[in-house]
Amino acid sequence: MIKNENSDKEAKALAQHIRMSVFKARRVIDQIRGRSYEETLMILELMPYCASYPILKLVYSAAANASQNMGLNEADLFISKAEVNRGAIVKKLKPRARGRSYLIKKTTCHIKIFLKEKSKI
């Protein structure tokens, strides 16, 4: 089977240690997976969630990687893969009454976005 050399080109962007819950980020990522680049931008700009802003910046970065490094057209891009994985947990101690302390866990996540060009068949 002969493959087109542009068909397997995939631009990616990775954001690590984003100070956000994995579940909140996945709620936004599930809405944009498989959609076109322009549609994704419209969805992310109008979503009322705080998690949409870092994801919007990451989509912009992946599109810039696709156009600058691979020479792909931004109008033909779509989100082929989007992943959210759990990152490190930052642990802090909050002082409480009578010399005790209370552990505060701040979760982080890693977000990967892959953009591919639509095939023109």
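Say each of Met70 and Leu93 gets a label point 7 Å from the Cα, pointing the same way as Cα to Cβ; how far apart are those two points in nm?
Spacing of the two 7 Å Cα→Cβ label points: 4.8 nm.
Of Lys57/Lys116; Lys24/Lys91; Lys91/Lys116; Lys57/Lys94, which ones are farther than 26 Å apart at the Cα? If you can, show how the numbers build up before the last one.
On the way: Lys57/Lys116 17 Å; Lys24/Lys91 20 Å; Lys91/Lys116 38 Å; Lys57/Lys94 32 Å.
Check vs 26 Å cut-off fails for Lys91/Lys116; Lys57/Lys94.
Give, as a single signed number, the net charge of other residues whose beta carbon lies under 12 Å from the beta carbon of Leu41, with Lys and Arg counted +1 and Asp and Glu -1.
-2
Ratio of alpha-carbon Rg to the 2.2 N^0.38 Å globular estimate for segment 11-117, to two decimals, please.
Cα Rg divided by the expected 2.2 N^0.38 Å: 1.31.
Determine the gain in length on full extension of the stretch Lys12-Asn85; use 0.36 nm per residue of separation and subtract their C-alpha separation, reporting nm with one decimal.
24.7 nm
Accessible area per residue of the chain at 1.4 Å probe, in Å²?
69
For the chain, what is the calculated [θ] at 222 nm in deg cm²/dmol (nearest 500), taking -39500 (n - 2.57) for each run of four or more DSSP H residues and dividing by its residue count? Walk me through the intermediate numbers first.
Values: 3 runs with 39 residues, N = 121.
So the helix-based figure for the chain works out to -10000 deg cm²/dmol.
Using alpha-carbon pairs under 8 Å, 6+ residues apart, how would you state the relative contact order of the chain in percent?
Rounded, it is 40 percent for the chain.
Leaving ligands, DNA and RNA out of it, report the carbon-plus-sulfur percent of the accessible area of segment 33-121 at a 1.4 Å probe.
Ligands and nucleic acids excluded, carbon and sulfur give 51 percent.
The values are calculated or read from the model by the stated rules, or taken from the named source; none is laboratory data. Here the structure is a predicted model, which is why all the values come from computation and not from measurement. Positions of Cβ are backbone-derived with ideal geometry, glycine not excepted, and every protein chain shown enters the neighbour counts. All accessible areas refer to the heavy atoms of the entire protein, side chains included, with ligands and DNA or RNA removed. Shrake-Rupley method; radii C 1.70, N 1.55, O 1.52, S 1.80 Å.
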